[in-house]
Every structure is written in structure tokens, then in C-alpha cells.
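Here's the structure we're looking at; comments come further down.
Every number in this text was worked out from the coordinates using simple rules, so none of it is lab data. Just so it is clear, the structure is predicted and the values come from calculations on it, not from any experiment. Positions of Cβ are generated from backbone atoms using ideal geometry, with glycine treated the same way; all protein chains shown enter the neighbour counts.
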Amino acid sequence: MATGIDENTGLIIQGVAELKQRLLRCMRTRKRTLPLGRGYGSNLPYRIDRNITPELEMDIYADVADMVADPLNGFADEIKLNKVWLERGENAVLVGVEVTLLFDGSVENITGLSW
């Protein structure tokens, strides 16, 4: 598993914490906005401020699956997406994912992802 630096504290993180940070960064980046990495990111930022309907939920699930499967985002060789769900709060909707880590086969639940 990769090692990185926490974007808020500057401390070294590794394992699932580093994976969660990379997932969040990818979710928050709109596709086609990085000059040298046009394919990096997701379409989730385009879903902000919309009413949650069954159609929008399916679009969110599809966007998360597309983000993880896209080789340019760097997750295709590290994780396999098993499940995606929405967590509804008072004024927020968060995404939770269940992934299998391909390097050791363990299954991890990562919750509280927002874009």
C-alpha cells in the first residue's frame, strides 16, 4: 500500500487512510480540468446541488464505479470496487464504498466520502 502526506496535517499516512485521501481528491476533481491530466477525476462534482432522486442515485453509483475503473485515476491496479452506498445526513449526502485491496485480498469499508 502507498504512503503519502496528509493534506491537512502534513503527517505521513499509509494504508486505508492514504487510499481514502486519494479517493476524496479524485472525487473532488472534475474531469477535463487538469491541463496535463485531462482524464483524471470524476463526474461527481457535476451532481452537486441536485435533488436526490433514484435516477441521480444511479448516476452517482455509476460515476464512482467509472472513477475507480479508469486507469488514469490510478485505482485499477490497487482496488476492486465491491459495493457503493449513499449515507444521508441532515444537509449532506456522503458516499461509502466497500473495496477489495488487490495486493493482500482484504476487504475494507471506506465511509464518509464527500465531494
Please list, ordered by chain and number, the residues whose modelled amide H lies under 5 Å from the amide H of GLY74; skip anything fewer than 5 residues away on the same chain. none
How far, in degrees from 0 to 90, does helix 16-28 lean away from the longest principal axis of the Cα atoms of the chain, to the nearest 10? 40
Within segment 29-115, GluC sites (Glu not before Pro) in DSSP loop having at most 16 other beta-carbon neighbours inside 10 Å: GLU78, GLU90
Where in segment 22-115 are there trypsin sites (Lys or Arg not before Pro) that are in a DSSP coil and have at most 12 other Cβ atoms within 10 angstrom of their Cβ? ARG32, ARG38, ARG50
Using just the helices of the chain, give the 222 nm mean residue ellipticity in deg cm²/dmol: DSSP H runs with n ≥ 4 each add -39,500 (n - 2.57), and the total is spread over all residues, rounded to 500. -8000 deg cm²/dmol
Which of [x] 43, 14, 11; [y] 44, 20, 16; [z] 22, 17, 15 gives semi-axes √(5λ) of the Cα gyration tensor in Å as computed here? It is [z]
